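The values are calculated or read from the model by the stated rules, or taken from the named source; none is laboratory data. Given the structure is predicted, the values throughout are model-derived calculations rather than measurements. Note that we place each Cβ from the backbone using ideal geometry, even for glycine, and neighbour counts take in every protein chain shown.
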Amino acid sequence: MKPIIVRGGGDLATGTIHRLCQSGYPVIILEDTKPSAIRQKVSFCQAVYEGTMEVEGIVCTKVDSFQEAMETVRWNRPMLLTDPSGECLKQYHPDILIDGILAKKNLGTRRDMADLTIGLGPGFTAGEDVDYVIETKRGHYLGRKIEKGSAIPNTGVPGLIGGYGKERVMHAPCAGVFRREKEIGDWVEAGQRIGYIQREKENIGVYTQISGVVRGILQDGFEVTEHFKLADVDPRKESQAHCALISDKARCIAGGVLELVCAWEKGILGKKQLHETL
């Protein structure tokens, strides 16, 4: 079959890509030139910086052109191309297109770009700019396919883990260049510095509010704006063993996507009829 195109290679999109690859589907990832994923050990977008990125046995490779991606992609070898605006989609019409950017808004994906289009999270309307939306908010509806309408709007408040929500996430106190002093998997105590924002005349420290495991942290040297997401601390000590594993949330979302892909690929129904009957 023709390769599935996935826009975005952060941790949630990577969960979907990994599930598709493990199910025998070839995938080409379209990414930004400077990805800002903090869960770097489980994000295929790190291939932009490192050339390749392995997540749970699947190795993603960065290529320089869409033609190279098409020639080298295999079901167990996803390829990544830096193409944030999806320029390649002007010449290539995939069977399936998944928008996994998780930008909380649509950054240019249209329903006519593929025979089946799927949007992850808020910012899309099923039946209008995409065929289906997959819910990405933690809770009872996580991973559920939406046939008409949109996902639950972004609240700006992280889901609870170990009893903590917004306290576990750190944001930039000002604009500048982020310099990290901790690595993913490190244990930090409440009030400990995990890095700083480098400015022209001063460095502004970034401190964790809670004790826990550094679950994710931004690329060192990344230029940030004020309030930019920098790091995520998990209060559960056992989570140290999970930093390089796809999250339960990402796996749930991936299941919803795979359900749609399989239904479409098996020709159960045509694209337009699918909404009326499933």
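Does residue 69 fit the bill of being without any contact (Cβ under 8 Å) to a residue 40 or more places away in the chain, touching a strand residue (DSSP E or B) at 6+ places or on another chain (Cβ under 6 Å) and under 23 Å from residue 107 (Cα atoms)?
no
Residue by residue through region 103-131, note down the ones that are in contact with a strand residue (DSSP E or B) (Cβ under 6 Å, 6 or more places away or on another chain) and not aromatic (Phe, Trp, Tyr).
Passing the criteria: 109, 111, 113, 114, 116, 117, 118, 119, 120, 126, 130, 131.
What do you reckon, is residue 66 in contact with a helix residue (DSSP H, G or I) (Cβ under 7 Å, 6 or more places away or on another chain) and surrounded by fewer than 20 Cβ atoms within 10 Å (Cβ to Cβ)?
The answer is yes for residue 66.
Can you confirm whether residue 142 is modelled with pLDDT of 95 or more and under 21 Å from residue 259 (Cβ atoms)? Quick ask: steps written out before the conclusion?
Numbers: modelled with pLDDT of 95 or more: yes; under 21 Å from residue 259 (Cβ atoms): yes.
When the stated conditions are applied, residue 142 passes them.
Are there strands (runs of 3 or more DSSP E) fully within region 173-255 with at least 2 residues that are touching a residue at least 40 places away in the same chain (Cβ under 8 Å)? List them.
On the way: elements: 176-180, 193-198, 203-207, 212-217, 229-234.
The strands (runs of 3 or more DSSP E) meeting that bar are 176-180, 212-217, 229-234.
Within region 34-48, identify whether any single residue is surrounded by fewer than 21 Cβ atoms within 10 Å (Cβ to Cβ), out of contact with any Cys (no Cβ under 6 Å at 6 or more places or on another chain), not in a helix (DSSP H, G or I) and not aliphatic (A, V, I, L, M), and answer yes or no.
yes
Name the residue that is nearest to residue 152 (Cα to Cα), counting only residues in region 123-135 that are in contact with a Lys or Arg (Cβ under 8 Å, 6 or more places away or on another chain) and surrounded by 21 or more Cβ atoms within 10 Å (Cβ to Cβ).
Applying the first criterion (in contact with a Lys or Arg (Cβ under 8 Å, 6 or more places away or on another chain)) to region 123-135 yields 123, 126-135.
Adding the requirement that they be surrounded by 21 or more Cβ atoms within 10 Å (Cβ to Cβ) leaves 123, 126, 130-135.
Working: 123: 9, 126: 13, 130: 16, 131: 17, 132: 14, 133: 10, 134: 10, 135: 7 Å.
Out of the qualifying residues, it is 135.
Within region 127-150, how many residues turn out to be closer than 19 Å to residue 96 by Cβ, in a strand (DSSP E or B) and free of Cβ contacts under 8 Å to residues at least 40 places away in the same chain?
3
Scanning region 136-188 for residues that are β-branched (Val, Ile, Thr) and within 15 Å of residue 219 (Cα to Cα), which turns out surrounded by the most Cβ atoms within 10 Å (Cβ to Cβ)?
Filtering first and then ranking leaves 184.
Going through region 195-217 one residue at a time, which ones are surrounded by 16 or more Cβ atoms within 10 Å (Cβ to Cβ) and either farther than 21 Å from residue 160 by Cα or of a type in the set (S, T, N, Q) (or both)?
Across region 195-217, the qualifying residues are 195, 196, 197, 206, 208.
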